[in-house]
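Below is one structure, written out as structure tokens; the observations come after it.
The values are calculated or read from the model by the stated rules, or taken from the named source; none is laboratory data. Just so you know, these numbers come straight off a predicted model, no measurement behind them. Cβ placement follows ideal geometry from the backbone for every residue including glycine, while neighbour counts extend to all protein chains displayed. The accessibility values were calculated without ligands, DNA or RNA, using every heavy atom of the protein model including side chains. Shrake-Rupley method; radii C 1.70, N 1.55, O 1.52, S 1.80 Å.
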Amino acid sequence: MLSLFGSPERDAHRITTSMNDRFLRACRREPVDCTPVWFMRQAGRYMPEYRELRAKYTLLEICKKPELATQVTLQPLRLGVDACILFADILLPLEPMGASFEFAKGEGPVIHQPIENRSQIEKLRVIEPHEGLGYVLDAIAMCKRELNGRVPLIGFAGAPFTLASYLIEGGKSAHFAKTKRLMYSDPEAWHLLMSKLSDVVRLYLHAQIKAGADAVQLFDSWVGQLSAADYCEYVQPHVRGILQDVMKAGVPVIHFGTGTYSLLEPMRDAGGTVIGLDWRTPIEDGWRRVGYDRAVQGNLDPTLLFAPQPVLLKHVDRVLAEAGGRAGHIFNLGHGILPETPVENVQAVVEHVHKMSAR
Ligand code: CP3
């Protein structure tokens, strides 16, 4: 029987047209009905439903079971965000490359045998994504099915400097002294390590796009530790190789770092459809320097989510004002949501961004 609203084809069309694509439109600097918003670490410990699942499974178990990773990826939808980021971790590729690690309670990641010399770098395997990371690709396919077009899915990988810093430091670090010692004292070994990581990351991002990711983000979380000159010499060629190649796949690529005030131009030159700005760089200033031919993402200070709501929302207004209603702004934090963040404040930010930026 013909429905009142026409054929199944038309219904399918209705589903497509109702897809919330403001995030993808903003990445392409197209006009949007209001500014899209999502958060780095939007699925995590600040959410009670995540903590409940984490009481039963370890972080790696959740990452490695596509059903669980999908469930967690979709948890933040209730907050009204305009994109989901796949639940995984930047360190996952290190294990199949030959560097095993664990997430130790209260300590963060611990690499079992940190890299100290060239022979360890030579032994690292440049893996194909299907070899050892198939569970991530399966999770992407499952997330896409479950999302059913509600919002786009963002895939991601760590950038080679940030991954190298974990491999060399063995975990988190204050000064990155071991990383820089290797970089300065054995540049050949350094570039070999960066090339191997870059090959893995490049193939991994392509595979994520093929599996269904609608956009990808490259996390260079700790690259702000470098001077612009060192960035250009030791990092930029590798990141450029990744980004220029992945951008050919035709989906938006977000290039993110923190503490990058002095690196914005060389990071932009390395590539990215969207450039991430942290809270230390005013959007007005950052966007002018990056150039209006790129979209920008950011940049609320994550700790503002602990402030009383009137203060928090005043700062949200300031971020929106700095972006000036220009097409191509994606609202986000300058870095990830912190574990103790009140959920209601995250939700208030989403609603406020949508309301105040409605065109
Ligand atoms: O953003 C998301 O919601 C997607 C999931 C995601 C995780 N890690 C899950 C995770 C993403 C995008 C990451 C990226 C990641 N992982 C980065 C780059 C982004 C950033 O924050 O700078 C880095 C540096 C890592 C490495 C890592 N993973 C660290 C340092 C830690 C420990 C941090 C801590 O707060 O304890 C992790 C663990 C991790 N990865 C958690 C989550 C949600 C903590 C949650 C838990 O233990 O259950």
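Here are the numbers:
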| item | result |
| --- | --- |
| Neighbourhood charge, 10 Å Cβ-Cβ cut-off, centred on D33 and excluding it, Lys, Arg +1 and Asp, Glu -1 | +3 |
| Stokes-Einstein D for the stretch 29-356, Kirkwood Rh over Cα pairs, 20 °C, 1.002 mPa s (µm²/s) | 107 |
| Test item: Cα-centred dipole of the chain, Lys/Arg +1 and Asp/Glu -1 on Cβ, debye | 420 |
| Loop-resident sites, the stretch 93-192, for chymotrypsin sites (Phe, Trp or Tyr not before Pro), counting at most 11 other Cβ within 10 Å (DSSP) | none |
| Fraction of antiparallel bridges per DSSP, the chain only, in percent to nearest 5 | 20 |
| Nearest-0.05 FRET efficiency for V311 and V126, computed from C-beta distance (R0 56 Å) | 0.70 |
| Cβ-Cβ FRET estimate between E344 and A321, R0 fixed at 25 Å, reported to 0.05 | 0.55 |
| Dipole axis of the chain (+1 Lys, Arg; -1 Asp, Glu on Cβ), positive-most option in A249, Q75, F161 | Q75 |
| The stretch 29-356: Lys pairs at Cα distance under 15 angstrom, eight or more positions apart or on different chains | 9 |
| With all protein chains modelled, accessible area of V151 [1.4 Å, Å²] | 10 |
| 222 nm mean residue ellipticity, helices alone, for the chain (DSSP H n ≥ 4; -39,500 (n - 2.57); rounded to 500) | -13000 deg cm²/dmol |
| Value of relative contact order over the chain, rounded to a whole percent, pairs C-alpha under 8 Å and six or more apart | 22 |
| Charge context of C84, other residues only, Cβ under 15 angstrom, K/R +1, D/E -1 | +1 |
| Efficiency of FRET between N148 and E233 - r from beta-carbon atoms, R0 56 angstrom, step 0.05 | 0.75 |
| DSSP loop GluC sites (Glu not before Pro) with at most 16 other Cβ within 10 Å: longest gap in the chain | 132-339 |
| ³J(HN,Hα), Karplus 6.51/-1.76/1.60, whole Hz, each residue of the stretch 167-175, x for Gly, Pro | 4, 7, 6, x, x, 6, 8, 8, 10 |
| Surrounding net charge for L197, when Lys and Arg each add one and Asp and Glu each subtract one, Cβ distance under 13 Å | +1 |
| Residue-normalised accessible area of the chain, expressed per residue, 1.4 Å probe, Å² | 43 |
| Table column - 3J(HN,Hα) (Hz), the stretch 305-318, Karplus curve with 6.51, -1.76, 1.60, x for Gly and Pro | 5, 9, 7, x, 3, x, 5, 3, 6, 5, 6, 4, 4, 5 |
| Protein accessible area in the stretch 111-242, 1.4 Å probe - carbon and sulfur % | 50 |
